[in-house]
Each structure stands twice: as C-alpha cells, then as structure tokens.
Protein chains: 2
Amino acid sequence: MEQRACRPGDDRVTGDGWLLEGVDVRRVWAALAGRVRPAVFVRSERLEREVGADVTLVLEVHQRTGSFKYRAALGAALFARGRRLVTASSGNFGAALALAASEAGLPCMVVMPAASARVKIDAVRSLGATVDLVDTAVVSRAERLAQLSLADPAAEAISPYDDPRVVAGNATLGSELFEGEDRFDCVLAPIGGGGLASGIVLARDLLGARAAVVGAEPLLANDAARSLREGRLCANPCEPPTLCDGARTPSLGRLNYAILSRGLEGIVEAEEATVERAVRLLFTAANVKAEPTGALALAALLQDPGRFPSRRIACIVSGGNVDPALLCRIVGG
Amino acid sequence: MEQRACRPGDDRVTGDGWLLEGVDVRRVWAALAGRVRPAVFVRSERLEREVGADVTLVLEVHQRTGSFKYRAALGAALFARGRRLVTASSGNFGAALALAASEAGLPCMVVMPAASARVKIDAVRSLGATVDLVDTAVVSRAERLAQLSLADPAAEAISPYDDPRVVAGNATLGSELFEGEDRFDCVLAPIGGGGLASGIVLARDLLGARAAVVGAEPLLANDAARSLREGRLCANPCEPPTLCDGARTPSLGRLNYAILSRGLEGIVEAEEATVERAVRLLFTAANVKAEPTGALALAALLQDPGRFPSRRIACIVSGGNVDPALLCRIVGG
C-alpha cells in the first residue's frame, strides 16, 4: 500500500515530514495534549453481528462541544496569527471555534445564516462568541466573511478544513488511533471538506502506521469521490440536500485534496437511507447518539460490506449533536 | 464519615473483609477481569454548568448488553452452583444473564411476562437463553420461578441483586472508581434492589477509599429510603408506577439492605419530572443515551443540589437500553 501523504523530503505538501505548510505538527500536538479529550473506544457485539465485521467505534461525541471539530478549532486558535478570529459556520465548527478562541483568550465572531435554529445561535453565544447573522438570500456567508476581513485586518478568517493547523489538530485523533500497538487494518472517516480524513492520513503517515484510511461521503454530496476519480478538485453544483449537514461543503479544501488524493484507499458513497440505518443501528445496538454526519463512516460499512472482509476496522463517529426531532424521526420514536 | 459495610473481622455481613457470605470477592474480581468492559468516564461542561457541580459521568451504557447488569450476571454465572440457570426478569438482568450463562457454558432460562415487548423477548433469545412466558395475571414470576426450581433441582435461580456473587460482580465497577488516585468525594448510584449501590459500597470499603456513596431512588418507589429511615426492610405495596423500570423492585434484597443500611450516606428521592429532566440533560448536553433508571443518579443531583457543594461527584449512568418511543417522548423529539 504505497499511500503516503508526507514522505520525508516531500516538500510539495509538507516541507519535511512534520512540517505541513509551515506548521510544525509536533508543536500542534504538544499544545493540544491534555486540552482535547481522548476519543472513547467502544465495541458492540450486536452491531458487529449486524454488519458482519470486526468494528471498534471511535466516539468523538463526548469531545468538547460534542464533535471532533474542537481538535481542529483549538489547533487554529492556539496558533492564530490574527488578534481576533472569525469563521462562517452554522454547525459544529462554529461552536468549537467559539470555545477554542475563548480558551486561547481571543475574541471570536461566527457568521451564521439568520435562519439558523435559535438553539444553535444561543449555543455559540453561550460559548463566548459574537454571532453575526446574515440573510443568505442577500449575501453569502463567504462574501460576508470577506467583508469582515476587509473591515478588520486584525481579524483572521479560519477555514473549518482547509488549514494546516486544522488538519494538524484533527490529526491528534489519528495519533490516538495509531500510537502504540497495531490495532486497526482500516480506519473509516466521514468526509465533508476533508479536514478529519486528511488529519487521519497525516497522522498515519507521520507515525508510520500501515492502516488503510477509507473515506465515507453521502452519495448526494459526492464531490470528494468524483475528485478522486477525475484526478482534479470537483465541486458540488449547489448545496447538496443530504441529511449529513457536515458534508454539505462545496468541495474538498485544497490542502485536504492534496493529502487525500494520495493517502486515501478510496471513498464509499453512502445513500441517505443507509445513513439513517447507521444512525438507527448506533442508537439501538450500541447506545450511541450520533448525528447523521457522525454515522457516515458506519454507513459506508453498511453500504459496501464486501469491501472490508476480515479487517479490524476503526469506525469514527465524528459527532453527536443532532436535533432531537430529526433523531427521533430516524430512530422511529 | 464512619460508614463501613465490611470491616475486617466483621462477620455479620462479610466473614472477613474479602469474604461476602462465603464468596471470595477477590476471586470474583479476578474471574471478571478482561471479561467485563471498563466503564467509560466522560465529562460535559454544559451539563456541569447546568447542575452547578463537578460531575464525572460514569457510563455503563456501553457495557456488554448495555447495562451494568452484565457484571452482576457474569459474577453469578461464573460461580454458579447449578448446572442450569434460571431468573425472572423482563429487563436488563434477563439479557445480561442470558449472555453471561452462554459465556459460562451453561443453559439459561429467563421467565418473562407474556406481555413483554416482542423486541425484549427476541433480544434474550438471540443471546442464547430460553424464554419462559408467564401470564402474570394467573401466576407471578416468583411463583413460576419456584415451580421451575422444584421441577428441576439442577437449575439454580439467580436473584438480580440479593446474591453475594452479584454484589461482588457489581463491585468491579466500584473497583474502577476507587482504584488508583483519589478522584471522587461522592459516588451517586441508582437503587432498585440495591445490587449496584451495595457493590459500590463493598468496593469502597475493601479498597479503603473515603468517598461517600449516595443512593438515588424514584420517590414513587422509595422503599429503600423508607427502609433506611425506619431501620427495617420496607417493601412497596404494589409495583410502583415509576418510569424507572429498574427500580420497580418490591424491596431491597436482604444482603443489599445489610450493606446499604450501614454504608450509604443517604438516599435522594427523585420525582418523575426530575428523572425526565435528567434523561433530557444527558441527551442534549452530554450526548448520552440513558434509560430512565440510568439517569436516576443525575436526577438525584438535580433534585437536591444543595446536598453536594464543592464535591467531586461520580454520577453512574447505569444503562442505556430505552425504548426509542419513550426516549423521544422525554427529549421532545
């Protein structure tokens, strides 16, 4: 398996092995140590029986702010170049950056659509950030972000995925998977902008582990799968109507594409019904509350079971922040 | 805090410190090591902010069969005296004993009300046990158990709580709480028959830890609280209509009462609305799927917050097997 995102001496992507676009991954890991919560590894015989595979669930649902995004956000906040942080996110990254900025002692503004659920807006505010509501019919969040950056040169706009500090932060999860004994043959990770999967690939290569990394993407938002097939960065024509809100990104980030196009074994495209089945299975068989994007990796396993024969699989459950009404519709409550 | 259930040399309850009614707790712990899953310790700032206390959640929702009962059942199964096991349970203990008996290579029969949910009956069967359905309007489960024991002298009836092997098995959770560094000032545990709480008290005393153990009981099923107040074993007049099905037991077990009446700091009686609030809080603030009985300990904290000032609290979430429809009603989905 010759899939190495960052061979020593390969400076196209990484400079040296531990330098990712000028960011020293070791320094990010050292700064995050003890500040991010370790993932929780759980098994469920009932789930394994149903999927017919050797599966360890790797839960990020108990990470601070309820998803892996806190790793990304803290990496960016602790190595910020601006005196203030700003990002556009109505989801997990907004809440994660709000908390991370507060930990780093930096003011933070999160641009959110005015139509966002009240509870999400309040959550970001309660974590100490200012919320900037935009009418997305009039101005896109990206445009608003550009306006804000222009108006305040000391504010740094943070991408939820296309940033070496974000990828290095996410790679701390990979370090938990790959450090120590050789436990897994294959790691399944969800793909939206590619921040998490590229962090896992990065950690694998830096630590010299041999596990394959396989991405999981909604079929309705399969820009990453198409990008890998076509050998160029493809985008979704419009916001994909997938249940997996974490995968409604326009395309992979540039840095993420560079890492994933060389380091990923492949991408499984999961149907919406399979995502729902995965949410349900996690809930009923493993007592895990996962959001749809968090269940994507398990959905990949359900979608293409023949792909994973007799492999020891780590299946990342990337977040648990799901609206109760949506979850209850899915689990049939 | 002079609360010791089992002082060395105190043979009323324990013979010597490590002997509980003839059962060597060390041997049970050694037999269960590596066969029960360690509890998962998680924290949630949002939950701690809402309850205003320093709380660590101790999750048994990922234990085998989804609740702490597997510790109890495996203790009984590995030290069984009969060639076959039989128990009466429509809940977690039935499923746990089915799996534990199968692990111990023993046939197992679970007596369940004929009106039990199909999914519960199928779950017990899928774990390898025979299910004996009784019409509880005609014959009680206890009567049926007595009939079965009479008909088959080689079958051993196992109590879900009033058994030293069960208490010793549950005490493995206590050993995880109290071994190593002194982390907790107070452990909150749900009380039904008293099997779990007495196991925690037993482990605390055997390991020489100093934490207080506080029980949590539904106000609607407060036989244990009344027993402690009146200094004698009290029973509920009929099956209490509490949401917490694990606490619908008629009374504490005899052995459990002996341990708890001397080793417990007290019992908090939680109202049903508080139990629902606890289930909701675990779900929304901590991404934890808990059954109502599993949320009892947190409910105690919500019910009587003034009782726990500036204490480091371990709050046991004893199980996660809740009917989706019930959970969704509670979380408002």
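Only one of (1) part of a loop (DSSP other than H, G, I, E, B); (2) within 22 Å of B:S251 (Cα to Cα) is not met by B:R144, so which one is it?
Failing condition for B:R144: (1).
What residue, of B:R165, B:R183, is of a type in the set (K, R), touching a Phe, Trp or Tyr at 6+ places or on another chain (Cβ under 7 Å), in contact (Cβ under 8 Å) with a residue 40 or more places away in the chain and within 30 Å of B:W29 (Cβ to Cβ)?
Answer to the check: B:R165.
For segment A:28-45, what are the residues that are of a type in the set (K, R) and either without any contact (Cβ under 8 Å) to a residue 24 or more places away in the chain or surrounded by 19 or more Cβ atoms within 10 Å (Cβ to Cβ) (or both)?
Residue satisfying the conditions is A:R43 alone.
Among residues belonging to segment A:105-129 that are farther than 20 Å from A:V61 by Cβ, assigned to a helix (DSSP H, G or I) and touching a strand residue (DSSP E or B) at 6+ places or on another chain (Cβ under 8 Å), point out the one that is least open to solvent (accessible area, probe 1.4 Å).
Within segment A:105-129, the match that is least open to solvent (accessible area, probe 1.4 Å) is A:I121.
Go through (1) open to solvent by 40 Å² or more (accessible area, probe 1.4 Å); (2) closer than 20 Å to B:A168 by Cα; (3) in contact with a strand residue (DSSP E or B) (Cβ under 8 Å, 6 or more places away or on another chain); (4) among the small types (G, A, S) and name the single condition B:A235 misses.
With respect to (1) open to solvent by 40 Å² or more (accessible area, probe 1.4 Å); (2) closer than 20 Å to B:A168 by Cα; (3) in contact with a strand residue (DSSP E or B) (Cβ under 8 Å, 6 or more places away or on another chain); (4) among the small types (G, A, S), B:A235 is out only on (2).
So A:T274 fits all but one of (1) away from chain B (no Cβ under 14 Å); (2) in contact with a Gly (Cβ under 6 Å, 6 or more places away or on another chain); what number is the exception?
With (1) away from chain B (no Cβ under 14 Å); (2) in contact with a Gly (Cβ under 6 Å, 6 or more places away or on another chain) applied to A:T274, the lone miss is (2).
Looking only at segment A:308-315, decide whether some residue is touching a Gly at 6+ places or on another chain (Cβ under 8 Å), within 18 Å of A:L59 (Cα to Cα) and crowded, with 21+ Cβ neighbours inside 10 Å.
For segment A:308-315, residues touching a Gly at 6+ places or on another chain (Cβ under 8 Å), within 18 Å of A:L59 (Cα to Cα) and crowded, with 21+ Cβ neighbours inside 10 Å: absent.
In segment A:140-172, what residues are among the hydrophobic types (A, V, I, L, M, F, W, C) and under 22 Å from A:K69 (Cα atoms)?
The answer is A:A142, A:L145, A:A155, A:A157, A:I158, A:V166, A:V167, A:A168, A:A171.
Right, B:R262: in contact (Cβ under 8 Å) with a residue 12 or more places away in the chain, open to solvent by 40 Å² or more (accessible area, probe 1.4 Å), assigned to a helix (DSSP H, G or I) and within 14 Å of another protein chain (Cβ to nearest Cβ) or not?
no
How about segment B:287-309: which of its residues are closer than 13 Å to B:V187 by Cα and either hydrophobic (A, V, I, L, M, F, W, C) or out of contact with any strand residue (DSSP E or B) (no Cβ under 8 Å at 6 or more places or on another chain) (or both)?
The answer is B:L296, B:A297, B:L298, B:A300, B:L301, B:F308.
Give just the number: which of (1) hydrophobic (A, V, I, L, M, F, W, C); (2) within 14 Å of another protein chain (Cβ to nearest Cβ); (3) part of a helix (DSSP H, G or I); (4) open to solvent by 10 Å² or more (accessible area, probe 1.4 Å) does B:L282 not satisfy?
All conditions are met except number (4).
Mind checking which residues of segment A:46-62 are open to solvent by 10 Å² or more (accessible area, probe 1.4 Å) and at the interface with chain B (Cβ under 10 Å from one of its Cβ atoms)?
Correct list: A:R46, A:R49, A:H62.
Is there a residue in segment A:310-332 that is free of Cβ contacts under 8 Å to residues at least 40 places away in the same chain and in contact with a strand residue (DSSP E or B) (Cβ under 8 Å, 6 or more places away or on another chain)?
No, segment A:310-332 has no match at all.
Across segment A:63-83, which residue is surrounded by the most Cβ atoms within 10 Å (Cβ to Cβ) among those that are touching a strand residue (DSSP E or B) at 6+ places or on another chain (Cβ under 7 Å) and among the aliphatic types (A, V, I, L, M)?
A:A77
Can you tell me how many residues in segment B:301-333 are β-branched (V, I, T) and within 14 Å of chain A (Cβ to nearest Cβ)?
Here the count works out to 4.
Residues to consider are B:R37, B:R4; find the one that is of a type in the set (D, E, K, R), in a loop (DSSP other than H, G, I, E, B) and modelled with pLDDT of 95 or more.
Among B:R37, B:R4, only B:R37 is of a type in the set (D, E, K, R), in a loop (DSSP other than H, G, I, E, B) and modelled with pLDDT of 95 or more.
The values are calculated or read from the model by the stated rules, or taken from the named source; none is laboratory data. All values reported here derive from a predicted model rather than from experimental measurement. We place every Cβ from the backbone using ideal geometry, glycine too, and count neighbours over all the protein chains shown. The area values use the complete protein model at the heavy-atom level, side chains included, leaving out ligands, DNA and RNA. Shrake-Rupley method; radii C 1.70, N 1.55, O 1.52, S 1.80 Å.
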